[in-house]
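Shown next, in structure tokens, is the structure this report addresses.
Every number in this text was worked out from the coordinates using simple rules, so none of it is lab data. Note that the structure is predicted; figures quoted are calculated from it, not measured. Here Cβ is always computed from backbone atoms with ideal geometry, including for glycine, and neighbour counts include all displayed protein chains.
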């Protein structure tokens, strides 16, 4: 088959190569055939679908978003009633997904870091316990864990009358978690503004300090000043606002708690399950990241006379984070995607609300497409961020 | 001579009691600094608070072979739910008298897995053994020949369904994933973009949306009168999902191949198909065996999601058991039992994957 040309002169373009032996032409042909076949398949499925939809008289398009939803949603961040539209119901679901993911991500990172460091601890007991935690929770499906926590709330915890109170002002019962919050006061709004102002100030100080250090070589205690600003500004506002200390403490009356902040068992179970599961993975990521930094790095930094805090800040962390951040982001994305399992325990997240919408309108294609688009957008945004980050922290090699 | 005697004398001096034995070990590993000492004491306190009550609940006050009425009166764990209901939890709605068949199928699967553990057995005959084994398992479940009563797939459930979905899922997803990975590395723009779109789209959405798609959208795609059973549809969704992840794993292996390998194959006059089959894939796939095993673990855990589209896998049969009024409220016991099954499967695979990683590490 693959005989060499008899002599170089005969390999001249005088003899035309048949198109099926020319890799370039063959590639084009191959691609045309593939695209055509995919197109035909799509056309076949589409025509079937249209025929089926017509036969079952299901409407198409996203007009249903404007119709009245006529179902209640257990918890929502914005005002919602059954008289609102499907569109608004889906927004409520989307916000619920964002809320549970956001809180989950923050706690997971903290907990995963603690467990990851514990895994590396020189303390045998702590290290082994962290190892057991990581191994066990990674090997049990997250859905089973969610069911377990949900059943824990419903079957094992007592009713609100005998609610457990691990810390003063916090009550655990089969109606969920209730805890005391500061009573509403106008100063809270100003405290939030003060925090924002502090953040902006910190940003400006950081830039100024960096420029000054580059110019004069004098360091500035940015961390301590930032911390003081972040705590001091809101505290000052609070004192100026009359230092209100009234608390809105939950009290048991009738059949349930009144006052305080109530978190539903669904939300708590979902959050707990997601955090415990994902934290096991994050712990492994953190451990790998810390171990990836060569011991010589910290020794070199110390021999240059850097203090332990600076060694961590300037030498270890920048190198460990480069290893940690990419898999960490994908774990965060996993948490967000796993939050869709809320549908199994009745927390009204986006998938759950979209599922109800599909059941009521029968518009399955639009509903499932919406679910996919929402999660796809989230993950595309995350990977865009990742690419930007990777580019920024890429090792510049000589 | 002098030197050796001094060394002997030195080595015969015993180390202090505080640095050997239990005390020495504890000093080195638990109390080597004030911070670690506090940490150890706090951890011990926590364990003291947690473990004795748990042991009490799970072993001392627990009931193992009682009726549900006795359980409801008792304080401790009610493990009796498992002897009473294990047949249903493990095999679901499968006809009671024929449940030895799925049991046998699981035994075959476990036997094959154990046999494949040893890398010395990785020959062509093993592939045939798997093929025969899988067909045999399918026949055992389905019946209809050799005097076995035929069992509708709607009645399949429990552990066999879970294992079926994950093992078949991975087996079918693997070649598809390899094709997708090759497509993604291809130089043909149309093929490359189709593969990238597919992989990124599937990896961007949760499995549950794909399962919804298979259970409620897919029937709309089919022409009138044609229907595919629910298990197969879920299986296709799992295959499509797993294939995208396998593709990324394989891509990692392909990118790890040195350019010299491609060039050497080309200079030998091999064409694309030969290069891939004889040179690149055997090496690339070997590198990615450990992450592939992790994919199998994820696939096994992910099959539990079919609960949401109401297939009777291991988790769903457990839930159904718990809605039986006799055994309502003993969810912890049942869930712990199922969690142990999942844990045993996953732990077996992940420790195997670690061992393989060590064995296959060629130091490159």
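A few notes on this one:
- Region B:35-79 pair-distance distribution - Cα-Cα, 10 Å bins, rounded %: 28, 32, 20, 14, 6, 0
- Average partner coverage of A:370-382, which counts Cβ from other chains inside 10 Å: 4
- Per-residue [θ]222 nm for chain A (sum of -39500 (n - 2.57) over DSSP H runs n ≥ 4, rounded to 500): -21500 deg cm²/dmol
- Projected onto their three principal axes, the Cα atoms of region A:78-165 cover extents of 59, 32, 26 Å, largest first.
- Ordering of A:215-226, A:372-383 by packing is A:372-383, A:215-226, highest average first (other Cβ atoms within 10 Å, averaged per residue).
- Debye intensity ratio in log₁₀ form over the Cα atoms of region A:245-333, taken at each q of 0.10, 0.14, 0.19, 0.23 Å⁻¹: -0.52, -0.70, -0.88, -1.08
- Projected label points at residue A:155 and residue A:184, each 7 Å from Cα along the beta carbon direction, are separated by 4.0 nanometres.
- If the segment from residue A:127 to residue A:102 were pulled out straight at 0.36 nm per residue, it would be longer than the present Cα-Cα gap by 6.1 nm.
- Extension gain, residue A:193 to residue A:261, is 22.2 nm, computed as 0.36 nm per intervening residue step minus the present C-alpha separation.
- Residue-averaged beta-carbon neighbours from other chains (10 angstrom radius) around B:207-217: 6
- Cβ-based exposure ranking for B:174, B:198, A:43, in which fewest neighbours within 10 Å come first: A:43, B:198, B:174
- Within region B:195-221, backbone nitrogen closer than 17 Å to the virtual label 7 Å beyond the Cα of residue A:394 toward Cβ: none
- Rg/Rg_ref, the protein assembly as shown, where Rg_ref = 2.2 N^0.38 Å and atoms are Cα: 1.13
- With the highest mean first, a sort of the peptides B:98-104, B:238-244, A:115-121, B:133-139 on other beta-carbon atoms found within 10 angstrom per residue produces B:238-244, A:115-121, B:98-104, B:133-139.
- Measure of compaction for chain A (Cα Rg per 2.2 N^0.38 Å): 1.37
- Each of B:302, B:61, A:84 has some number of other Cβ atoms within 10 Å of its Cβ, and from fewest to most they run B:61, A:84, B:302.
- Note that region A:27-184 shows a convex hull volume over its alpha carbon atoms of 291 Å³ per residue.
- Efficiency of FRET from Cβ geometry, residue B:75 and residue B:96, R₀ 45 Å, rounded to 0.05: 0.85
- Site pair residue A:298 and residue B:193 shows an inter-label distance of 5.0 nm when each label is modelled 7 Å from Cα along Cα→Cβ.
- The ranking of A:188, B:121 from fewest to most other beta carbons within 10 Å of each one's beta carbon is B:121, A:188.
- Share of Cα-Cα pairs in region B:57-147 lying beyond 17 Å, as whole percent: 64
- Using a Förster distance of 22 Å, the FRET efficiency for residue B:67-residue B:87 (Cβ separation, nearest 0.05): 0.85
- Taking every residue in B:196-205 and counting other chain Cβ atoms within 10 Å of its Cβ, the average works out to 4.
- If R0 equals 56 Å, the separation of the Cβ atoms of residue A:40 and residue B:352 corresponds to a calculated FRET efficiency of about 0.80.
- Our Cα-only numbers for region B:247-364 put the radius of gyration and Dmax at 21.7, 73 Å.
- Note on chain B: Cα-Cα pairs beyond 31 Å make up 55% of the total pair count.
- Gain in span if fully extended, residue B:268 to residue B:59, counting 0.36 nm per residue against the direct Cα distance: 68.4 nm
- With the simple model of a label 7 Å out from the Cα in the direction of the Cβ, residue A:216 to residue B:320 spans 7.7 nm.
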